[in-house]
Amino acid sequence: STMRKKKTTDSPHSSTDLNEGKENLRLKQEVGLISGVSLIAGTMIGSGIFMSPEWVLHHMGSPASSLLIWAACGLLAMFGALSYAELGTIIKESGGEYIYILRIFGSFPAFLFAYTSVILVRPAGLAAVCLSFAEYAVAPFYPGCSSPQVVVKCTAAACILLLTIINCLNVRLATSIMNVFTAAKLLALLVIVVGGLVLLAKGQTQSFQNAFQNTTAGIGAVGVAFYQGLWSYDGWNNLNYVTEELKKPEVTLPRAVMIAIPLVTCLYLLVNVSYLAAMTPSELLSSGAVAVTWGDKVLGSWAWLISLSVALSTFGSSNGTFFSGGRVCYIAAREGHMPDILSMAHVRCLTPSPALLFTSAMSLIMIISGSFTSIVNFFSFIAWFFYGMTISGLLYLKIKKPELPRSYKVPIIIPIIVLVAAVYLVLAPIIDQPQIEILYIVLFIFSGIILYFPLVRFKCHPRFLQRVTLYLQLFLEVAPTTRDAN
């Protein structure tokens, strides 16, 4: 059968027993419903809603069509997350797309996903969000001029190091920070929403007159507008990366999705309405940072609160990205697709600290080099390529393996819609505006073939790597882990 069976005996790289059969070392199940909602909403609400609205409006041409794009992006994220919720109740393992591709399609495509995600996508995304945080955090110290890049990069690096310490020390501490920052950013968005409603009550509705005028109908423009909107919704799938750390995942996963994504979608729509109530479309398009311009117009001397809110929002989002991104590296290593050391957990803190440290190191390299910007611009291209592959795997299981036990089922039309959208989002920019960077990304993905066959398929591991692994185990105080027997 195509569905790959789990290993019945644990291999050295996947798990081990401590003290000859005593308690196994595994990650704690610390993530409940509230923390799950916070992880999804807290990661989704980053810098996007404060920066992307002008670009969605730019590509769509009219306020009403841009609002439709925001609603459609929320609906697509909801459909994707509901599809992933069913996958999470069939394959109750952490790792998100990686573990689903591995169990359904096999080792090679799963390795290509892990290689691309661990080396490029996750670190670049984390670096981008931390740089956004740094821009807003240092801006008050340089009024009237742009902040020095050295200061911004050092602040971003400090942010990554702080997140590394927090996430390596304690899962509960990391989730508590997510909860607090999610509450703070929701409060900030509510301030914008209430301000917009007050402006509408006062009759500032000029932006909504002839709201569909100048709408763009091109396939490519709509696709790029979707990319901008979906960047703000990125994180809808994050809870699937930590399935093994969920309390009652078969219940918590679908419930958290059904609470978090509609909440974020409603907030995004209301915030966009508030922006359009405070500014004309032309003012919004000329704004470098929409939320800051809104604050200057509506809050006056209290406008600094918006800069503070964006800084808090991006810090909370980067914490969620870091929390889930480190798990991809950890799970891939546990399956033998990354070095063994990355599959280990701290013997006292019970956190995947080697994987988190590796993700942190790669993100710091991205920040120092500063050459990741063009790659991040094509983040959606890579993401939706693998989202499409994962959703096609769900459709295969629904059609060919209906007997598999699952506590939650999504109607088959929903993953079909998501798959069609994924194909569109991957092909639209290639057909409409082909760019050489997309070729570079495809070549990078398939460069993993060079590593897969000697290191994974034929297991040609140099002996010195085993010695390095042993020394790192002793230095980092880590040990191999076992899967959670869900």
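Tabulated data
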quantity: Residue among Ala383, Ala333, Ala422 that alone is under 30 Å from Glu477 (Cβ atoms) and in a helix (DSSP H, G or I); calculated: Ala333
quantity: Residue in segment 157-177 that is open to solvent by less than 40 Å² (accessible area, probe 1.4 Å), within 16 Å of Phe50 (Cα to Cα) and touching a Leu at 6+ places or on another chain (Cβ under 9 Å) present; calculated: no
quantity: So Gly95, is it in contact with a strand residue (DSSP E or B) (Cβ under 9 Å, 6 or more places away or on another chain), modelled with pLDDT under 90 and open to solvent by less than 30 Å² (accessible area, probe 1.4 Å); calculated: no
quantity: Whichever residue in segment 295-349 is touching a strand residue (DSSP E or B) at 6+ places or on another chain (Cβ under 8 Å) and among the β-branched types (Val, Ile, Thr) and, among such residues, is farthest from Ala127 (Cα to Cα); calculated: Val347
quantity: Residue check, Ser407 open to solvent by 30 Å² or more (accessible area, probe 1.4 Å) and in a loop (DSSP other than H, G, I, E, B); calculated: yes
quantity: One residue from Leu161, Leu131, Leu126 being closer than 26 Å to Gly336 by Cα, assigned to a helix (DSSP H, G or I) and touching a residue at least 12 places away in the same chain (Cβ under 8 Å); calculated: Leu126
quantity: Residues that are assigned to a loop (DSSP other than H, G, I, E, B), in contact (Cβ under 8 Å) with a residue 60 or more places away in the chain and closer than 30 Å to Phe379 by Cα, drawn from segment 213-223; calculated: Asn214, Thr215, Thr216, Gly218
quantity: Leu263 open to solvent by 20 Å² or more (accessible area, probe 1.4 Å), at pLDDT 80 or above, of a type in the set (A, V, I, L, M) and part of a helix (DSSP H, G or I); calculated: yes
quantity: In segment 191-212, residue surrounded by the fewest Cβ atoms within 10 Å (Cβ to Cβ) [restricted to those that are without any contact (Cβ under 8 Å) to a residue 60 or more places away in the chain and assigned to a helix (DSSP H, G or I)]; calculated: Ala201
quantity: Filter result for Lys297 (among the charged types (D, E, K, R), within 17 Å of Gly88 (Cα to Cα) and open to solvent by 10 Å² or more (accessible area, probe 1.4 Å)); calculated: no
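The values are calculated or read from the model by the stated rules, or taken from the named source; none is laboratory data. Predicted, not measured: the structure shown is a model, and the values here were computed from it. With ideal geometry, Cβ positions are generated from the backbone for all residues, glycine too; neighbour counts draw on all protein chains shown. Just so you know, the surface numbers come from the protein's heavy atoms only, side chains and all, with ligands and any DNA or RNA stripped out. Shrake-Rupley method; radii C 1.70, N 1.55, O 1.52, S 1.80 Å.
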